[in-house]
């Protein structure tokens, strides 16, 4: 029974290390492990205390631990990719609006990010919390223990293909999120160019940066709430659909 709980703890810890919110860089690894232990106890008891047979054989125990890590990390990455799409869309929007020069280190993601990307990401995280993304993560743990008990054989290639597919889908999601704002900025520049072409005496080329800010800012104001909901729903579906 102790080895079975250890394998459940490995799966839970692997999930919390990379899953959205749980895997934020601002949360120290020891704190994540501290979160994982009580959750693993509850999930383990709720699943009927599954037992891992053959624990005395190292040739079976080590592959079982590796498989638990793959399973937990794979599930966490699939949900994390959806929230990372918000950062990608925000970076593209910032470049189009000309405000990407003010990038700084984001402590949540540990990389350079822009203010718009951070804002969209924080909105998506808040919506995900209200939609119960953390509860979906725990529910996935419960379902996975019933469908794939500790030490069960499963195809690592299936997990890898799912992660790759969700990663590719997150790129498409980032494009969908950023397209309305990018289109608004492009149309603003196009309209300004047509006016400047028709009436060059106005010399409107000097206000191109202002037009980009106004058009992009207005479009972002209209799109951001729905974009945050879409990101949160995608992240939630990554757990619910596994």
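Do you know which of the residues in region 45-71 that are modelled with pLDDT of 85 or more and within 24 Å of residue 135 (Cβ to Cβ) is surrounded by the most Cβ atoms within 10 Å (Cβ to Cβ)?
Per the criteria, the residue is 68.
Go through region 147-163 and give me each residue that's in contact (Cβ under 8 Å) with a residue 60 or more places away in the chain and either in contact with a strand residue (DSSP E or B) (Cβ under 7 Å, 6 or more places away or on another chain) or more than 23 Å from residue 2 (Cβ to Cβ) (or both).
156, 159, 160, 162, 163
One line per residue, one yes/no per condition, for (1) buried (at least 18 other Cβ atoms within 10 Å of the Cβ); (2) farther than 30 Å from residue 126 by Cβ:
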{"position": "6", "(1), (2)": "yes, yes"}
{"position": "18", "(1), (2)": "yes, no"}
{"position": "22", "(1), (2)": "yes, no"}
{"position": "29", "(1), (2)": "no, no"}
{"position": "73", "(1), (2)": "yes, no"}
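Before we move on, is residue 112 more than 21 Å from residue 43 (Cα to Cα), modelled with pLDDT under 80 and in contact with a strand residue (DSSP E or B) (Cβ under 7 Å, 6 or more places away or on another chain)?
Values: more than 21 Å from residue 43 (Cα to Cα): yes; modelled with pLDDT under 80: yes; in contact with a strand residue (DSSP E or B) (Cβ under 7 Å, 6 or more places away or on another chain): yes.
So residue 112 fits the description; yes.
The values are calculated or read from the model by the stated rules, or taken from the named source; none is laboratory data. None of these values were measured; they are calculated from a predicted model. Here the Cβ is made from the backbone with ideal geometry for all residues, glycine too, and neighbour counts use every protein chain on show.
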